[in-house]
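The values are calculated or read from the model by the stated rules, or taken from the named source; none is laboratory data. Values in this document were obtained by computation on a predicted structure and should not be read as measured data. Reconstructed Cβ throughout: ideal geometry from the backbone, glycine too, with neighbour counts over all protein chains shown. Surface accessibility is based on the protein's heavy atoms, side chains included, excluding ligands, DNA and RNA. Shrake-Rupley method; radii C 1.70, N 1.55, O 1.52, S 1.80 Å.
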Amino acid sequence: MIRLDKLTKIFETPNGPVVAADKVSMEVPKGEICILLGPSGCGKTTALKMINRLIPLTSGRILIDGQDTAKLNDVELRRNIGYVIQQIGLFPNMTIEENICVVPKLLGWDMKKARKRAAELLDLVALDPNHFLRRYPKELSGGQQQRVGVIRALAADPPVMLMDEPFGAIDPINREVIQDEFLKMQSELKKTIMFVSHDIDEAVKMGDKIAIFRAGKIEQYDSPDNVLAHPANRFVADFVGADRTLKRLRLISAGEVADAAAPVIGAHGKASEAAAMMREHGAAVAVVTDADHHPVGYVRIEEAEGSGAAAGEIAHPLPATVAAGADLRAVVSEMFAHDTMWLACVDETGRFAGTVTQPAVTRALGETYRQAQAA
Amino acid sequence: MRKTLDLTKAAVPLATFALGLWVAASGLLDQIAAYWEDIVYLTEQHMVLVAASGGAAILVGIPVGIWLSRPSMERYAEYVMQVFNIGTTIPTLAVIALSMTLLGIGFAPAFFGLFVASLLPIVRNTYAGLLAVPAHLKEAATGMGMRPLVILWRVELPNALYVVFSGVRTALAINVGTTPLAFLIGGGGLGELIFTGIDLMDTGMLLAGAVPVAMLAVTVDFLTGQSQLRLVPKGVNPLR
Ligand SMILES: Nc1ncnc2c1ncn2[C@@H]1O[C@H](COP(=O)(O)OP(=O)(O)O)[C@@H](O)[C@H]1O
Ligand SMILES: [Mg+2]
């Protein structure tokens with residue numbers, strides 16, 4: 001857990017004092033990612049660097065796991081905090097292995113253990129240790145260097161990580177991949193992370209909580225969904241953008257809004273039986289599945305009604321299916337692409353998991369507003 | 001700068017070779033051989049001067065460069081470097097002459113003059129090389145919990161080493177090129193054969209001094225080049 005208590009930083013400059021952090025108070029629960037988000041110059045980096053004391057604080061307190069860090073010396077504190085910067089900062093004179101082993105070595109680990117750890121970590125980010133351990137940073141692509149930058153910070157298994165726009169320097173496609181990789185790692189490692197970003201999409205994707213900064217002050221500290229759905233003020237609303245509701249689509253998965261009770265029938269089942277189910281459920285279509293319960297088509301109520309055929313015989317091919325894990329943005333995008341109001345949703349094994357309809361998507365997005373009104 | 005170095009590198013062996021042909025053909029070889037004892041004695045003297053003044057310049061220049069690059073020196077370092085830069089514009093012959101006015105004649109003023117002339121490029125390159133180490137590397141190192149001396153040793157110096165070496169190489173080239181002048185202030189060395197040869201219009205004597213000096217220059221440059229290639233870590237060595 002990281003707790004900031006009235007953290008303040010005033011830079012004395014020739015043009016007078018600059019307040020870069022103004023009584024910032026917040027708490028990041030253990031195992032969560034908190035995104036410090038805001039426009040350039042709002043004090044995100046300053047807030048972050050006060051935690052590992054690269055910038056000395058003017059006033060306030062920083063507690064890690066309940067302990068006031070003022071009692072620790074700089075070096076001790078820093079060796080227990082993973083630190084990742086936008087420029088990556090791999091040491092060009094050291095091999096990848098040496099880079100990863102920097103902190104373990106500083107902590108006096110046995111070199112054998114440190115080397116083993118380096119290899120494990122490379123494996124974790126899908127870089128072959130045999131190939132990469134002896135390489136130098138300049139021999140790696142930007143994305144590979146960024147991955148090494150992250151695992152280097154993880155080398156000594158610190159409970160807390162500070163990341164300053166860690167994926168800011170890579171191209172958008174690679175960035176998505178690395179973000180996904182990192183989230184997967186985090187779901188196992190459960191580090192407590194402060195993560196600076198200026199990109200609302202990244203914040204929504206990566207954050208358990210988002211702290212929106214303006215001029216050294218926190219404007220809102222909330223879950224991504226609440227920041228998007230209920231911006232605290234005009235500044236936050238403008239910052240998250242007019243399309244903030246669309247951004248919320250990314251926060252909900254298809255599986256969450258899929259109607260698992262939607263009518264479904266085996267290919268050999270009777271069409272009239274499907275019609276009965278549709279009537280009962282108030283649905284216009286029923287999904288037809290094969291023997292493995294994989295969706296293979298659908299039948300319409302008006303065609304199934306009174307038909308003596310098997311469902312498989314009068315079925316239309318499905319326009320598309322979506323994975324249960326896909327977010328609603330992908331779902332809506334598929335719906336628009338195929339000009340359809342509904343999609344069949346499948347689980348990891350390709351089995352039918354329900355149907356997602358446009359009204360259900362709309363309802364899911366509106367839920368939070370109804371709750372707010374009721375309260 | 002790079003280009004001229006390359007040119008001299010190519011020109012020196014070629015010229016030496018051509019000279020060798022001509023010397024052999026004209027019977028000068030015998031004349032040179034007549035000075036063999038002098039050559040051995042003076043070469044040794046010459047090499048001692050080069051090694052002592054060059055070595056001292058490295059031993060002093062690198063620490064001074066490091067010291068000037070420390071954050072605590074930030075305010076003064078640029079002024080010191082400006083003084084040093086003005087110093088480099090003084091011709092080495094003048095440095096030697098000034099050294100004589102201070103220390104008289106003999107080994108000491110020769111040593112001192114050569115030391116001063118070689119010092120400047122080493123200090124300048126060490127300082128510039130260390131300042132050129134990207135700030136984010138130092139920040140990453142600090143953020144990971146390295147202490148300042150460890151950062152200097154494991155991050156800053158390795159990353160500046162190539163530039164430091166270039167300074168040493170330049171310094172030694174200047175040093176070897178200037179050492180014959182030491183004779184003029186009684187410092188001995190192969191300059192004795194060269195300058196006396198010129199005075200007496202004795203080509204054999206002149207060459208008995210000039211050829212070893214040329215060979216020494218080539219050897220020293222080769223050795224520093226090789227150590228630059230081998231000692232600078234692979235990740236920060238443009239030669240590898
Ligand atoms: N070393 C410094 N000296 C003076 N002002 C600084 C210094 N570092 C940052 N600032 C000022 O503090 C404010 C916040 O900077 P920073 O934390 O880097 O912003 P962000 O990371 O959000 O872009 C800016 O106005 C910046 O100009
Ligand atoms: Mg910043």
Compactness of segment A:59-111 - radius of gyration and Dmax, Cα, Å: 14.0, 40
Percent of Cα-Cα distances greater than 22 Å, calculated over segment A:254-363: 26
Per residue, in Å², the accessible surface of the protein assembly as shown once ligands and nucleic acids are set aside, probe 1.4 Å: 48
Under Karplus coefficients 6.51, -1.76 and 1.60, residue-wise ³J(HN,Hα) of segment A:184-201 in Hz, glycine/proline x: 5, 4, 5, 5, 9, 7, 6, 7, 8, 10, 9, 9, 8, 8, 10, 10, 4, 5
Distance from segment A:252-296 to segment B:136-182 (C-alpha centre basis), Å: 73
Computed accessible area, A:Val24, all protein chains, 1.4 angstrom probe, square angstrom: 0
Under 22 Å from B:Lys234, Cα to Cα: lysines that are on another chain or at least 8 residues apart: A:Lys105, A:Lys138, B:Lys138
Other protein chain Cβ atoms within 10 Å, averaged over every residue that makes up A:68-79: 2
Chain A - mean residue ellipticity at 222 nm from DSSP helices (-39,500 (n - 2.57) per run, n ≥ 4, rounded to 500): -11000 deg cm²/dmol
Isotropic mean projected area of the C-alpha convex hull, segment A:2-247 (nm²): 14.0
Lys, Arg +1 and Asp, Glu -1 on Cβ, resulting dipole of segment A:2-247 about Cα centre, debye, nearest 20: 680
Shielding score for A:91-99, defined as the mean number of other chain Cβ atoms within 10 Å: 6
Within straight-line cross-link reach of A:Lys184, lysines at Cα separation under 23 Å, skipping those fewer than 8 residues along the same chain: A:Lys30, A:Lys116, A:Lys205, A:Lys209, A:Lys247
Contact order normalised by residue count of chain B, Cα under 8 Å, 6+ apart, percent: 26
³J(HN,Hα) computed for each position of segment A:229-245 - Karplus, 6.51 cos²θ - 1.76 cosθ + 1.60, integer Hz, glycine/proline x: 7, 10, x, 5, 7, 4, 4, 5, 4, 5, 5, 6, x, 5, 8, 4, 5
Residue-count net charge about B:Arg147 - beta-carbon cut-off 15 Å; Lys, Arg +1, Asp, Glu -1: +3
Within the accessible area of segment A:2-247 (1.4 Å probe), percent carbon and sulfur: 50
Viscosity 1.306 mPa s, temperature 10 °C, Stokes-Einstein D of segment B:42-232 from Kirkwood C-alpha radius, µm²/s: 89
Buried solvent-accessible surface, both chains (A, B), 1.4 Å probe, Å² to nearest 100: 2100
Proximal lysines to A:Lys23, defined as alpha-carbon separation beneath 17 angstrom and excluding residues fewer than eight positions away on the same chain: A:Lys6, A:Lys9, A:Lys44, A:Lys49, A:Lys217
Buried on assembly, segment B:133-182 (at least 40 Å² less accessible surface than by itself, 1.4 Å probe): B:His136, B:Leu137, B:Glu139, B:Ala140, B:Thr142, B:Gly143, B:Met144, B:Gly145, B:Met146, B:Arg147, B:Arg154
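Taking the mean number of other Cβ atoms within 10 Å as a proxy for protection, how do you rank B:193-199, B:45-51 from highest to lowest?
Ranked by mean Cβ neighbours within 10 Å, highest first: B:45-51, B:193-199.
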Unit Cα scatterers, Debye sum, the protein assembly as shown: log10 I(q)/I(0) for q = 0.05, 0.08, 0.10 Å⁻¹: -0.42, -0.78, -0.98
Largest to smallest accessible area among A:Leu343, A:Leu57, B:Leu59, A:Leu133 [probe 1.4 Å]: B:Leu59, A:Leu57, A:Leu133, A:Leu343
Under the Karplus curve 6.51 cos²θ - 1.76 cosθ + 1.60, θ = phi - 60°, whole-Hz ³J(HN,Hα) for segment A:48-64, x wherever Gly or Pro sits: 5, 6, 6, 5, 9, 6, 5, 10, x, 7, 7, 7, x, 10, 10, 10, 10
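Relative contact order for segment A:254-363: what percent, with Cα pairs under 8 Å and sequence separation of 6 or more?
Details: 228 pairs, mean separation 33.9, N = 110.
Once divided by the residue count of segment A:254-363, the mean separation gives 31 percent.
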Residues with amide H under 5 Å from that of A:Val346, placed H, sequence gap 5 or more: A:Val322, A:Ala323, A:Ala324, A:Ala353
Proximal charge balance of A:Ser253 [Cβ under 11 Å; K/R count +1, D/E count -1]: 0
Surface share of carbon and sulfur [accessible, 1.4 angstrom probe, percent] for segment B:42-232: 74
Net charge over other residues, Cβ less than 15 angstrom from the Cβ of B:Ser118 (K, R count +1; D, E count -1): +1
